[in-house]
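In what follows, a structure is listed as structure tokens, so that the remarks can point back to it.
Taken together, the values in this text are just the output of simple stated rules run on the coordinates, not laboratory data. On a predicted model such as this, the values are computed, not experimentally measured, just so you know. Note that we place each Cβ from the backbone using ideal geometry, even for glycine, and neighbour counts take in every protein chain shown.
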Amino acid sequence: MSKSALLTLHQALRRSFQCLENKQKEWKSALSECTPLMGSLGNLAEQLRALSNVQISNTPLRDFPDLEEKLRFKLLHAADTVLGKLNEKMTFLQSVRDAVSNQVAGVIQLYEQNKDSLDLLTVIERSATIPSVADMLEWLQDADRHYRQQFLRRKTLMQTLRGDDLSLLESAPKRWKSLETAGADDHITDALCKVSFFMVSG
Amino acid sequence: MEGPQMRSANRKLCAVTGSARKIKDNAADWHNLKVRWDKLNDEGFQIAGNIINLKLNRSQSELHQQWVDEAPAPQSAPWQQAAGTADLLNECSKLHHILEKMAIIMVKMQRVMASQRGILDLEEFQFGRGGRKVPLFHSWNTKQLDEASQILFDAFSKELQLKHSILQELAHTATSDLCMVYLSCWLHEPFIPPQTRLILEALLLETGHRPI
């Protein structure tokens, strides 16, 4: 009985790591698409700042009395468009986070259901090509936590961009970049490496 | 009383000759002229950016010269300054050239608008003040088509005036904030609001260039 439970669990773990591998790529791709959008946003904020700093009536542009208002409208309109696209990306990132979460929750639940037929020794037993069930579950949970945290931080940043606060818009690209610590998802890449033999066996 | 089939057949015939054909062509002209305008705008923006960069580099090197008064001035400095001025003049004349092309587009836009006005006058002559009873296309009457043309023309015309001002001032501007504002104005075209582009799209929809 223990053997079949272990087999089922192994199959579920393989599916989970396959899912994780795909989702990691999707996440990275979506994030890389956010970078130029954030750049545009910073750019527009810079332009809005310059417009605020200039007294149009003291410049040769005074011949166009409604220029400031119209330019500000255009810049804000462009910023809205960029924010719309960023929000689309955020929705996608949310779906990636949810997919990972669901997958991990599923495999944990399977473990919970079968834990009576799996003794401690089975769970922590590892071989050269197959990591232990305990390790694999831990790696999956770490990955889940990583994406939850990352999404939360990025979502919080995006929420701050709602207001008309120009300084928040200006600092957005820098703050966004700071969320991307080098090697943040190295542990996921490592885990995928460690299970690579496991994935092709069985 | 015309049946619905007859009406649409009449409309099809109208689209081949006469006022409807002319209006349809005008709408196509508007679209093509706008596409050319946008292309010139992008080219102009690149050149305007170059002008700003050249100016900034020059003012930085002038600032550097002020600081380095004791040290022997590098022999290439006057040569570099001259080259910088030549580049700046070159870019300014390129921008001037872009504006000349945009002015040509404006002339063509004026022709389209005049043609539209002519069609409206003809219709008033043929059908009286109220104009045609049945619209030539889906729902707009000729007056509305004429007004749309007028709105488009006014927007582009004002924008061209702004661009002329920018050309005159760009190379002489002191502060970087004002330079940024000039560049913003060029790129974002404040006098061509999103509504203008929507009106053009509506015109294309109405005259059958875009499927409904």
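Across the stretch A:1-137, the volume of the C-alpha convex hull divided among the residues equals 127 Å³ per residue. Any chance you could give the angle, 0 to 90 degrees and rounded to 10, that helix A:166-178 forms with the longest Cα principal axis of chain A? The helix A:166-178 is inclined about 30 degrees to chain A.
In straight-distance terms, cross-link reach from B:LYS143 covers every one of the lysines whose alpha-carbon lies under 19 Å from its own, apart from those fewer than eight places away in the same chain; here that gives B:LYS22, B:LYS24, B:LYS133.
In summary, the lysines within cross-link reach of A:LYS3, defined as a Cα separation below 29 angstrom excluding same-chain residues under 8 places away, comprise A:LYS115, A:LYS194.
Working note: Cα atoms of the stretch B:172-212, range along each principal axis, descending, whole Å: 50, 13, 13.
Per residue, the average separation of C-alpha pairs within less than 8 Å and at least 6 apart gives chain A a relative contact order of 35 percent. Label 7 Å along Cα→Cβ of B:ASN53; the stretch B:176-202 residues with amide nitrogen under 17 Å? Taking a point 7 Å out along Cα→Cβ of B:ASN53, the residues of the stretch B:176-202 whose backbone N falls under 17 Å are B:179-180, B:183-184, B:187. Over the stretch A:145-190, the reciprocal of the mean inverse Cα-Cα separation, the Kirkwood hydrodynamic radius, stands at 11.7 Å. Once the Cα atoms are used to define both axes, helix A:67-114 deviates from the longest principal axis of chain A by about 10 degrees. Over the stretch A:119-182, the hull volume per residue, using the convex hull of the C-alpha atoms, is 85 Å³. Neighbour counting of Cβ atoms within 10 Å sorts the residues B:CYS179, A:CYS193, fewest neighbours leading, into A:CYS193, B:CYS179. What the Cβ-Cβ distance of A:LYS28 and B:ASP87 gives, at R0 = 41 Å and to the nearest 0.05, is a FRET efficiency of 0.50. Paramagnetic label reach from A:SER127 (point 7 Å along Cα→Cβ; backbone nitrogen cut-off under 13 Å): within the stretch A:1-40, residues A:7. Working note: Karplus 6.51/-1.76/1.60 with θ = phi - 60° gives the stretch B:192-198 the couplings 10, x, x, 4, 4, 5, 5 Hz, where Gly and Pro are set to x. Note that the stretch B:100-116 has calculated 3J(HN,Hα) couplings of 4, 5, 5, 5, 5, 4, 4, 4, 5, 4, 5, 4, 4, 5, 5, 5, 4 Hz, one per residue in order, obtained from phi through the Karplus relation 6.51 cos²θ - 1.76 cosθ + 1.60 (θ = phi - 60°); glycine and proline are x. Which FRET efficiency, nearest 0.05, do A:GLN94 and B:ASP121 yield, Cβ-Cβ r, R0 56 Å? The pair A:GLN94/B:ASP121 has a calculated efficiency of 0.45.
Taking a 28 Å limit on the Cα-Cα distance, which of the listed pairs A:LYS155/B:LYS34; A:LYS177/B:LYS34; B:LYS34/B:LYS94 fall beyond it? Correct reply: A:LYS155/B:LYS34; A:LYS177/B:LYS34.
The loop-placed GluC sites (Glu not before Pro) in the stretch A:137-202, going by DSSP, that have at most 16 neighbouring Cβ atoms within 10 Å of their Cβ come out as A:GLU180. Computed from the alpha carbon atoms alone, the convex hull of the protein assembly as shown holds 264 Å³ per residue. Bridging of B:LYS163 to aspartates and glutamates at a Cα separation below 18 Å is possible for A:ASP63, A:ASP66, A:GLU68, A:GLU69, B:ASP38, B:ASP42, B:GLU43, B:GLU91, B:GLU100, B:ASP154, B:ASP177, B:GLU189, once same-chain residues fewer than 8 apart are set aside.
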